[in-house]
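The values are calculated or read from the model by the stated rules, or taken from the named source; none is laboratory data. All of these numbers come straight from a predicted model, not from anything done at the bench. Quick reminder, even Gly has a Cβ in these numbers, built from the backbone with ideal geometry, and neighbours come from all protein chains shown. Surface accessibility is based on the protein's heavy atoms, side chains included, excluding ligands, DNA and RNA. Shrake-Rupley method; radii C 1.70, N 1.55, O 1.52, S 1.80 Å.
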Amino acid sequence: MLREFISIFRAGDSLGGMGESFARMLSLTCEMTSAAGDMYFHGTASPDERSRIYQQDVEVNQLQRAIRKQVVAHLALRRNQPDVPYCLFLMSLVKDVERLGDYAKNLTEVMDFRAGPLPDDEIVAELRSIRSGVESAFREAAEVFAESDRDRALTFIREGRDMGKRCDALIRRIATGSYDGPTTAALILGARYYKRIWAHVLNVLSSVVMPVHKLDYFDEDEISRQVS
């Protein structure tokens, strides 16, 4: 279904415009996540840098609403009824990308209750490694999606399982550590936000390997067969 979906959304009609808006949302949220990570780990950001994140988030939200409106208008015409599955497909993906913008924004807000950069220790090094993996997957996600590359999508899904476990394990280490209150909160929130960013990126990639009714839900038996 994904290949047909991509073919349709590359068309020059209203569906093509929706596809372009979706691609713009992916690009914006990927840029936001990278910039937010810099702010989170450095603990500082200029007013212009923070303002840019919020402006980009506004644009992402506007694109989401525009796509919703276009979907409703498109399906209002009887001749477009065969496109219902593809429009439902897009609506699900758009919501995941919108959430990516929210979590990027949340990362920047962690600075509000701590001062300066994070400690230079093993726990923060692990969090930096998680950030690197998340951002790398995000940068490749648009290409994997556009090419409907099942093999690469399955690789990311498999890695996603491990990444989620890494985040959970790190949160437990932070919670039992000796950091002060603000640092503990900042680290736990960072690990949690990166786990959620990764999860929403994987939801987009799930569209490469799962049917529309299973988007966001990974059929363990099916995935295991495909990654084995």
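Overview of values
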item	result
Cβ pairs under 7 Å, 6+ apart, first in the stretch 57-71 and part of a helix (DSSP H, G or I), second open to solvent by 80 Å² or more (accessible area, probe 1.4 Å)	63/24
Boolean, residue 27 is small (Gly, Ala, Ser) and at pLDDT 90 or above	yes
Number of positions in the stretch 94-127 that are open to solvent by 20 Å² or more (accessible area, probe 1.4 Å), closer than 19 Å to residue 29 by Cα and of a type outside the set (Ser, Thr, Tyr)	6
Residue satisfying all of: in the stretch 109-129; β-branched (Val, Ile, Thr) and at pLDDT 95 or above; farthest from residue 49 (Cα to Cα) among these	123
Subset of the stretch 175-194 (residues that are free of Cβ contacts under 8 Å to residues at least 60 places away in the same chain and within 22 Å of residue 105 (Cβ to Cβ))	184, 188, 192
Matching entry among 137, 153 (being crowded, with 19+ Cβ neighbours inside 10 Å, more than 13 Å from the chain's Cα centre (by Cα) and of a type in the set (Gly, Ala, Ser))	153
Filtered residue count, the stretch 25-56, keeping only those that are surrounded by 15 or more Cβ atoms within 10 Å (Cβ to Cβ) and among the aromatic types (Phe, Trp, Tyr)	2
